[in-house]
Amino acid sequence: MYSEFDIQTYLVSQSDMTFFEGEEEVAADQLNEMLHYIVDYSAAEDSLEQLEEVVRRVLFEWIENPDLLELDSEEMQIFIHDQLADVRQQEFNDDDD
């Protein structure tokens, strides 16, 4: 299902990161890296809706928690992996209802 998912529509530029005064380039690069990890860690069973939910969560957390700017690549990978796992578990729990 994730073949329908196009990460390109979510990628950001420096001009999108104006609230990270003086760190716009780093912020854009890191957010884009995290968005690419969504694709890297997605599975064939992931639905378009699940992947879009992960993007929504990541974007929300990015805006609400500027400390994410301090994450290194490994920590970003873990963050995305955890977000994907949470969305998958939520979907699994919803299916049980």
Restricting attention to region 15-39, report how many residues are more than 20 Å from N65 (Cβ to Cβ) and touching a residue at least 12 places away in the same chain (Cβ under 8 Å). 1
Need the failing condition index for P66 against (1) under 21 Å from T9 (Cβ atoms); (2) over 9 Å from the mean Cα position of the chain (by Cα); (3) not charged (D, E, K, R), just the number. (1)
Note: among S42, S73, just one is touching a Phe, Trp or Tyr at 6+ places or on another chain (Cβ under 7 Å), free of Cβ contacts under 8 Å to residues at least 60 places away in the same chain and hydroxyl-bearing (S, T, Y), namely S42
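Here is a yes/no grid of residues against (1) part of a loop (DSSP other than H, G, I, E, B); (2) surrounded by 10 or more Cβ atoms within 10 Å (Cβ to Cβ); (3) modelled with pLDDT under 95:
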site: A43; (1), (2), (3): yes, yes, yes
site: D46; (1), (2), (3): yes, yes, yes
site: V54; (1), (2), (3): no, yes, no
site: F60; (1), (2), (3): no, yes, yes
site: L68; (1), (2), (3): no, yes, yes
site: E74; (1), (2), (3): no, no, no
site: H81; (1), (2), (3): no, yes, no
site: E91; (1), (2), (3): no, yes, yes
Is it fair to say V39 is part of a helix (DSSP H, G or I), among the hydrophobic types (A, V, I, L, M, F, W, C) and farther than 23 Å from F92 by Cβ? no
When residues of region 8-31 are filtered for being part of a helix (DSSP H, G or I) and either more than 15 Å from the chain's Cα centre (by Cα) or surrounded by 15 or more Cβ atoms within 10 Å (Cβ to Cβ) (or both), how many remain? 11
Do we have F5 as exposed (fewer than 13 other Cβ atoms within 10 Å of the Cβ), under 20 Å from Q89 (Cα atoms) and of a type outside the set (G, A, S) here? no
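The values are calculated or read from the model by the stated rules, or taken from the named source; none is laboratory data. All values derive from a computational prediction rather than experimental measurement. Because the Cβ atoms are built from the backbone with ideal geometry, glycine has one as well, and the counts that use them run over all protein chains shown.
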